[in-house]
Each structure stands twice: as C-alpha cells, then as structure tokens.
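Novice: Just passing along the structure, written as structure tokens.
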Amino acid sequence: MTWTLNNPLNLPELEQQVMAHWADRDVPARFAEYRRGAPRWVTYEGPPTVNGKPALHHVWTTVYKDVYGRFHTLNGKFVERKAGWDCQGLPIEIAVERELGLKTKNEIEEYGVEKFVERCRELVTGNVGVFEDMLKRVGYWVDYENPYKTMDESFIESAWFQLSKVNDAGLLYEGNKVVPYCTRCGTGLSSHELGQPGVYQDVTDVSAYVAMPLVGDAENRELVVWTTTPWTLPMNVAVALVGSQQFAQVDEDGRQYVVLAQLAETVFPDHQVGSTIAGSELVGREYVRPFPDMTPTDGASGIVIDWEDTAVDVGTGMVHIAPSFGEDDAQLGKKYELAPINLVGPDGRYIKEAGPLAGKHVGEVEREILDGLTERDRLVRARKYKHPYPHCWRCQTRLIYWAKPSWYIRASAMRDKFVEQNERVTWHPETIKEGRFGNWVRGAVDWALPRDRYWGTPLPVWRCDDGHIKVINGRAELAELAGRDLSEQRLHRPYIDEVTFPCVEPGCSKTAVREAAVCDVWLDSGAMPAAQWGFPHVKGSAERFEDNFPADFICEAIDQTRGWFYSLLALNTMAFGSTPYKNVVCLGLLVDDEGRKMSKSIGNVID
C-alpha cells in the first residue's frame, strides 16, 4: 500500500493511516506467526508498572526491545512476544490513595479494604489500555490479546508455587530483624528496593554530641557520643567503641569528656587534650543513659561494648546503640544480649510509654530531644550534618530502621549459586557482569518478603494460634485443606483472608489463618518466566514454560540490576536451579535537567 504525502507533511494523520493499515490486515499477528515452527528465540517482556500514563522513558526501552525481536524474526527465528503488565504493589496503591485523598493505612481501612483494592484493579485496567495505545503507536508488535498480568489469579497461584519451592528448599524463614521501614506506607522494604535510583538523597540533619557519665567513676568522666538520629536516644542501651583504640580526656568548663584521641582536636578544637585511656579499659563500664526517666527499663544504666566497625574518622569514635533501630545495632544487641527498647509504633509515632514524646512522629521531635538533653545537662553541642539518607522509593518519605517480625528469603545462603548462574550470562555492557550486578549478587542479603499492605500477591502463609505454619502452593492445596470448593475463590485481599483450615500439625486442634500481608512486588516480576503461563496449575503450562525457559534475551535500564534483573535471577535460581536469561542488554537512564532518573513517582517524566 502507498500513501499520498501532503505538503506540509501531517505526521499525526500519517501515523493513524499506517496504524489503520496494520489493524485492517492484522499485520502484527501475521508477523508473529510468520516463523512459527522455526527455531525459537525467546525474549521476556519486562512489565511496566501501570500506575499512571506511559511516558518517554517507556519508549526508550521499548525501541531497543522491538529492534532485537524484529531482527531475529527476520533472520528466521520464531519470536513469541507476549505483552506483560506489572499491576500490583505500592506504586498502584499510592496512585489510588492520591486519587481518593487517603493519607494513611487507617484511612484506607476506614474507606474499606474491599473498595480500595477494587479501585486498584479498575485503575490498572484503565491504564493498561492507555499503555497499549501508546506502544501500538510506537510500532511495538507484541501479543496484546494474551498478555500476562501480575494481578491475574493464574499468575498469583504460580508465584505461590514458586515460593513454596523456596520454602521446601529451607530458604523461607521468619525472623525479627531491623528493616528499612516507611512510616507513611506502613510497611517494611527490601534491600534491593533501597538500591533503586534516587532512594538515597542528601539531607541536612542536626547531629548531637551527647554526654553519658560513667557510673561510679572517680574522675567523673563522661563519654561523648555522636549521633545523626537524636530521636533514637530514648531507646539507647549501649555505647560502642573500638577497644584497641586510644581515647583522650578533655577538660571543658570543668567537665571531663572522653572521645577518641585522634578526633579530640576536631571535637574540642579550643581545648587542651589531657591524659589518654585505652578503649579496652572502657569496655564493660556502665554509664547513665541520656533519658533514663523516659525509658521503661529495669535500670538507668547502659553498658560500653567493643565493636571493631565503629567509625574512627568521623564523630567522636563512640556511637550509641539502639537495637530496635539499626541493623548493626540489632546484631550487636544479639551478640551482647542487650534488651531492646522500642518506644515507636508502626506509624512512626512514639507510644504512650514515651511520656512527653507520646503521639509525636519521630521526624518532628528534633527540638524536643535537644531541649530534653539540654535540661538534663547532656547536650555538649549540636551541629548541622549533610549526608545521604534513604527515602521510600515510591512515596519519597524518609525511612527509618525499625525492628519487626517478618518473613525472609534466605538469599545470603545462595550467593555462590547466584554468582555461578551469573557466570552463564552475557552482559552488554560487559562491565555490568562483574561490576554493578556482580557486586550485588556477591553481597546478596536476605530478602524481606512481606508488605503490610492490601493490593498485591497475598503471602501464602497460614498460621494457627500455637504458631504452626503451612505454606500453600496453590488453590487446589488450599481447597483440600479447607475442605471445600474454592474454584471461584478470589485470591486477593480481603477475600482470601476469609479462608481458614484446621491446623495440619499432628495433634493440634487450632485453626490456621492467613498472615495478613502481601508479597514484595518484586516477587511478581521475578516469578514471571513461569507465572506468565500459569505454571504449573494451568493446563499446557508445563510445555509452554519448558519451551520458553530460559530467555535468550532481556533488556531494561540499569536500575533493574537492583530490580527485575536481580529478582529474576534470585527467584528462579532458588525455585528452578537456573538463571532465567542468557543475554542482557542494560541501557542507561533517561534523566531530567537535574540528572535525576525520569520516574512517575518523582513526577519528572515527559508524557
């Protein structure tokens, strides 16, 4: 077919004519079928999150993926190109919250969880259509009639199955750890979410130098501790230092302060440094906590502990330890059997036991904490301190590190396997293999799986009141345990929360109830090689999965080294023993005029 080109050229009109020509003759579908029966060349569609309208950065990756698919089709391969949509998780929930004017989880529950998740579904369905229209205009020929959607129940069942295989391998466990936590979203996050671009942002905080008098000290010496999180001081239980270092005594206005010797002149530039003391002599000593009257403990004293990783190039060479509010703090708490203190609730506000701080958010109490230290004669000085600090990758709220029970995938135990599988992958550019991605998998940490939210793949863990656990692998197993037909059962919250069954533990008569959480949205993306076919529950899915695993090619931007590329390799190595891809093309990012990644969550995209 030929077109008459007007002068001046009307490109939008020509675009519509070309698209109509393709549609009338079903060109994309015929092109896809052109090589059926030929050797396969397999590619996976990295699912865009359909929480809003598509933007320029979506076109960027689409063009690359389209070129590779067309090239291999024209070179005699059968390329089955299945569209895919990332439909769940915080990105969708936050979009709906904004639309409905909801700001907290309490407001969501007052609005109604069922109404909320149904609005999430409606939003996704509408946005999928908008994305399809844009991609068709770009000329991206994939199967839009039979896409995979992470919200589909066949997809969710497959994700459950894969997670059950992880559990069968002994890689799923429950632990009480400190996790990065968003007080606005009301949920913990995973380490790879903290690896997303823009999570760490420069902030200026007040750093406090706090005096902590040694108990029963003949010279009335006071340890000076430096912290950039003064709000955690009411939960202090210990002071950490390097026992092999030397510490100096400094006289300021008649008070005898102790700091790391090599930092003494920095902390006290106008004062003469006096005698020194070995850190080992301080280890084991007790000191008076900064807020003993505010802390509900059996004693007002803390203890000095030896920690080789205490910073010796900044601060005072001594740090305060609050095991409920830091990963390192929590590990030290276990090592030294320190009783943790937690005066902060899941909304980021102090609980009633915190006295005058009760009901206030941790981000709002800087002045109260500093005033409290001054009243107690503990504030040596306060200074502004600029440093990078993590923010929620979706809502941009500053995170806190907060202790909570959670379910984890034991990724740390699989590091060698991840490295082994990564060796089988060809990366473009090749530096990513051993660099950004290789470093990430070599240092893989356990994956915090649940999100205390509403719209997502429900965590398939049921528990009875006696603590017996059952991880479900699909609808059929759940129906058998529940003793009823669940063929029409909806798997999303709140519907799935109603399904209970007698505890499977021999001799236990209690009822098992589902853990009220959904899974990290990155589990969905990692599960897609099998879940896009509904494997193993959908008829014919085993053959489809076998024919399309692993992929010959995937392509996304460099931020996915902490996202899709990682979740794919991690989950499929644990569930199926193999990398799900052979070749990766890793693109750069489209950025705005400030050098920030273009992202809908930031609001700096070009539609």
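The values are calculated or read from the model by the stated rules, or taken from the named source; none is laboratory data. Computed from a predicted structure; not experimentally measured. Heads up, the Cβs are rebuilt from the backbone with ideal geometry, glycines too, and the neighbour counts pull from every protein chain shown.
Novice: Does any residue of segment 82-92 turn out to be over 23 Å from Thr125 (Cβ atoms) and in contact (Cβ under 8 Å) with a residue 12 or more places away in the chain?
Specialist: no
Novice: Moving on to the next point. So Asp306 passes all but one of these: (1) within 21 Å of Pro230 (Cβ to Cβ); (2) at pLDDT 90 or above. Which condition number does it fail?
Specialist: (1)
Novice: Still on this model: Can you tell me how many residues in segment 323-340 are crowded, with 16+ Cβ neighbours inside 10 Å and either farther than 17 Å from Thr232 by Cβ or in contact with a Ser or Thr (Cβ under 6 Å, 6 or more places away or on another chain) (or both)?
Specialist: Looking only at that region, the number is 3.
Novice: Name the residue that is surrounded by the most Cβ atoms within 10 Å (Cβ to Cβ), counting only residues in segment 68-92 that are assigned to a strand (DSSP E or B) and within 29 Å of the chain's Cα centre (by Cα).
Specialist: Asp86
Novice: Another question, then. Of the conditions (1) assigned to a strand (DSSP E or B); (2) without any contact (Cβ under 8 Å) to a residue 60 or more places away in the chain, Tyr257 clears all except one; give me its number.
Specialist: (2)
Novice: Next question, about the same structure. Can you name the number of the only condition in (1) under 18 Å from Gln560 (Cβ atoms); (2) among the charged types (D, E, K, R); (3) in contact with a Phe, Trp or Tyr (Cβ under 8 Å, 6 or more places away or on another chain) that Asp86 fails?
Specialist: Here Asp86 meets the rest and fails (3).
Novice: I need a count of the residues in segment 358-378 that are in contact (Cβ under 8 Å) with a residue 12 or more places away in the chain and either under 29 Å from the mean Cα position of the chain (by Cα) or under 13 Å from Trp231 (Cβ atoms) (or both).
Specialist: 10
Novice: Do we have any residue at all in segment 545-553 that's at pLDDT 95 or above, more than 28 Å from Val63 (Cα to Cα) and among the charged types (D, E, K, R)?
Specialist: No: segment 545-553 contains no residue that is at pLDDT 95 or above, more than 28 Å from Val63 (Cα to Cα) and among the charged types (D, E, K, R).
Novice: Confirm whether Val288 is touching a helix residue (DSSP H, G or I) at 6+ places or on another chain (Cβ under 8 Å) and closer than 30 Å to Ala354 by Cα. Even if it seems obvious, please write down each step before you answer.
Specialist: Working: touching a helix residue (DSSP H, G or I) at 6+ places or on another chain (Cβ under 8 Å): no; closer than 30 Å to Ala354 by Cα: yes.
Against the criterion (touching a helix residue (DSSP H, G or I) at 6+ places or on another chain (Cβ under 8 Å) and closer than 30 Å to Ala354 by Cα), Val288 does not qualify.
Novice: Right, next: All but one of (1) assigned to a strand (DSSP E or B); (2) crowded, with 18+ Cβ neighbours inside 10 Å hold for Phe291, so report the exception by its number.
Specialist: (1)
Novice: How do the pairs read when you match residues in segment 444-461 that are over 19 Å from Ser191 (Cβ atoms) with residues anywhere that are among the small types (Gly, Ala, Ser), using Cβ under 8 Å and keeping only pairs 6 or more apart or on different chains?
Specialist: Final answer for the pair search is Trp455/Gly89; Thr457/Ala159; Pro458/Ala517; Pro460/Ser164.
Novice: Further question on the same structure: For segment 274-284, state whether one or more residues are over 21 Å from Ser207 (Cβ atoms), in contact (Cβ under 8 Å) with a residue 40 or more places away in the chain and part of a strand (DSSP E or B).
Specialist: no
Novice: Then there is this: Mind listing just one residue for me: the one in segment 43-67 that is of a type in the set (A, V, I, L, M) and assigned to a helix (DSSP H, G or I) and, of those, modelled with the lowest pLDDT?
Specialist: Leu56
Novice: Right, next: When you go through Lys136, Lys115 one by one, which is the residue that is surrounded by fewer than 17 Cβ atoms within 10 Å (Cβ to Cβ) and under 29 Å from Leu56 (Cα atoms)?
Specialist: Residue meeting the stated conditions: Lys136.
Novice: Could you grab me the full set of residues in segment 508-533 that are assigned to a loop (DSSP other than H, G, I, E, B) and crowded, with 24+ Cβ neighbours inside 10 Å?
Specialist: Correct list: Asp520, Gln532, Trp533.
Novice: Check off (1) surrounded by fewer than 17 Cβ atoms within 10 Å (Cβ to Cβ); (2) in contact with an Asp or Glu (Cβ under 6 Å, 6 or more places away or on another chain) for Trp393 and give me the number that stays unchecked.
Specialist: For Trp393, the failing item is (1).
Novice: Now a separate question. Taking His320, is it surrounded by 13 or more Cβ atoms within 10 Å (Cβ to Cβ) and part of a loop (DSSP other than H, G, I, E, B)?
Specialist: no
Novice: Would you pick out the residues in segment 7-42 that are aromatic (Phe, Trp, Tyr) and either at positive phi or in a loop (DSSP other than H, G, I, E, B) (or both)? So that I can check it myself, show each step before the final result.
Specialist: Applying the first criterion (aromatic (Phe, Trp, Tyr)) to segment 7-42 yields 22, 31, 34, 41.
The answer is Tyr34, Trp41.
Novice: Next question. With respect to Tyr581, determine if the residue is within 14 Å of Val441 (Cβ to Cβ) and in contact with a strand residue (DSSP E or B) (Cβ under 6 Å, 6 or more places away or on another chain).
Specialist: Criteria met by Tyr581.
Novice: Restricting the search to segment 567-607, which residues are among the basic types (Lys, Arg) and modelled with pLDDT under 75?
Specialist: Correct list: Arg596, Lys597, Lys600.
Novice: Give the number of residues within segment 352-390 that are touching a Leu at 6+ places or on another chain (Cβ under 8 Å), of a type in the set (A, V, I, L, M) and either loosely packed, with under 15 Cβ neighbours inside 10 Å or part of a helix (DSSP H, G or I) (or both).
Specialist: Residues meeting the conditions: 5.
Novice: Something else: Considering only segment 464-479, state which residues are touching a helix residue (DSSP H, G or I) at 6+ places or on another chain (Cβ under 6 Å) and under 16 Å from Ala516 (Cα atoms).
Specialist: Val471, Ile472
Novice: Can I ask one more? Show the residue pairs meeting these rules: Cβ distance below 8 Å; 6+ apart or different chains; first residue within segment 24-42 and over 13 Å from Arg81 (Cβ atoms); second residue assigned to a helix (DSSP H, G or I).
Specialist: Once the first residue is over 13 Å from Arg81 (Cβ atoms) and sits in segment 24-42, its partners that are assigned to a helix (DSSP H, G or I) give Val27/His21.
Novice: Quick check on my filter: what residues within segment 161-205 are surrounded by fewer than 21 Cβ atoms within 10 Å (Cβ to Cβ) and hydrophobic (A, V, I, L, M, F, W, C)?
Specialist: Residues satisfying the conditions are Ala169, Leu171, Leu194, Val199, Val203.
Novice: (1) in contact with a Cys (Cβ under 9 Å, 6 or more places away or on another chain); (2) among the hydroxyl-bearing types (Ser, Thr, Tyr); (3) modelled with pLDDT under 95: which one isn't true of Tyr140, the others all being true?
Specialist: Unmet condition: (1).
Novice: Moving on to the next point. Take the residues in segment 171-190 that are touching a Lys or Arg at 6+ places or on another chain (Cβ under 6 Å) and not in a strand (DSSP E or B); name whichever of them is nearest to Gly345 (Cα to Cα).
Specialist: Only one residue tops the list, namely Gly186.
Novice: Inspect segment 106-129 for any residue being modelled with pLDDT of 95 or more, at positive phi and not β-branched (Val, Ile, Thr) and give the result as yes or no.
Specialist: Yes.
Novice: Here's a follow-up. So, Trp22, is that one at pLDDT 85 or above, farther than 30 Å from Leu568 by Cβ and of a type outside the set (Gly, Ala, Ser) or not?
Specialist: Taking the combined requirement at face value, the residue satisfies it.
Novice: For segment 538-573, enumerate the residues that are assigned to a loop (DSSP other than H, G, I, E, B) and either free of Cβ contacts under 8 Å to residues at least 40 places away in the same chain or buried (at least 20 other Cβ atoms within 10 Å of the Cβ) (or both).
Specialist: Residues satisfying the conditions are Lys539, Gly540, Asn548, Pro550, Arg562, Gly563.
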